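This report concerns only the one structure given below.
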Amino acid sequence: MKFSETKLPGVFLISIEPHEDERGFFARAFCKKEFGDMGLCTDFVQCDLSFNRKRGTLRGMHFQKHPYEEVKVVSCMKGAIYDVVLDIRKDSATYGEWVAAELTEENHQMFYIPKGLAHGFQALTDDSLVYYQMGQFYTPSSGSGVRYDDPRFEIRWPVEQKIVSEKDQNWGAWQA
């Protein structure tokens, strides 16, 4: 695996190294030793799936509050998504900044998202399937979010027609 740190400290874009032949390919998508050597979480307690029927579906920007902050490794198993990570760590030099990557079934890339950041994505294709490895159990009472179109952050979503849940539309303006 290749780990490329983004402008947000601790956020990595991970690329697999496929070994291909006429049958297809084989690649490692997680290795406790490689993740550990990078100082990343190696204890994943839950894996989640998000299926998105329609292009433009937007989920986010989500996070869990202290003491249930989550580490996430996010990949797109089918279709394509525009994946966004927003730094909401108040003591971070990149507080309020965001990074994005297109994760697709073809490029097999993953985002490693440490604790204290908000995450969301927009489906770029119909029938996209997103896979999450989680470093913390989901705790509904700790769940929170940042409005996906909060003008403070100016996140640029690629698909104009957005399908957004009522919950995600109702997150208030970010309180610093």
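Bear in mind these aren't lab numbers, they're just calculated from the coordinates by the rules spelled out. Because the structure is a prediction, the values reported are computed rather than measured. Every residue, glycine among them, receives a Cβ derived from its backbone with ideal geometry; neighbour counts consider all protein chains shown.
Tell me what the chain gives for mean residue ellipticity at 222 nm when only DSSP H runs of n ≥ 4 count, each as -39,500 (n - 2.57), the sum divided by the residue total, rounded to 500 deg cm²/dmol. The per-residue figure over the chain is -1000 deg cm²/dmol. Overall form of the stretch 113-174: oblate. Here a/c, set by the Cα gyration tensor axes a ≥ b ≥ c, is 1.5 or more, and a/b is not larger than b/c.
Stretching the chain fully between Ala173 and Thr42 yields a gain of 43.8 nm (0.36 nm per residue, less the alpha carbon separation). Here the scattering of the stretch 32-72 is modelled by Debye summation over its C-alpha atoms, one equal scatterer each and no solvent; at q = 0.14, 0.15 Å⁻¹ the log10 of I(q)/I(0) is -0.53, -0.60. Here the stretch 91-114 is scanned for amide nitrogen atoms under 19 Å from the site 7 Å beyond the Cα of Arg152 along Cα-to-Cβ, giving 91-99.
Sum up the lysine pairs in the stretch 19-176 that clear both bars: alpha-carbon distance under 16 Å and a spacing of 8 or more or different chains.
7
DSSP assigns beta bridges within the chain; of those with both partners inside it, close to 95 percent run antiparallel. Across every direction, the projection of the convex hull enclosing the Cα atoms of the chain has a mean area of 10.5 nm². Anisotropy class assigned to the stretch 82-122 is prolate, per the alpha carbon gyration tensor with a/c at or over the 1.5 cut-off and a/b larger than b/c.
Overall, the anisotropy analysis places the stretch 1-68 in the oblate class: the square-rooted eigenvalues a ≥ b ≥ c of its C-alpha gyration tensor yield a/c not less than 1.5, with a/b not exceeding b/c. Residues of the stretch 70-98 with an amide N closer than 17 Å to a point placed 7 Å from the Cα of Glu106 along the Cα-to-Cβ direction: 76-83.
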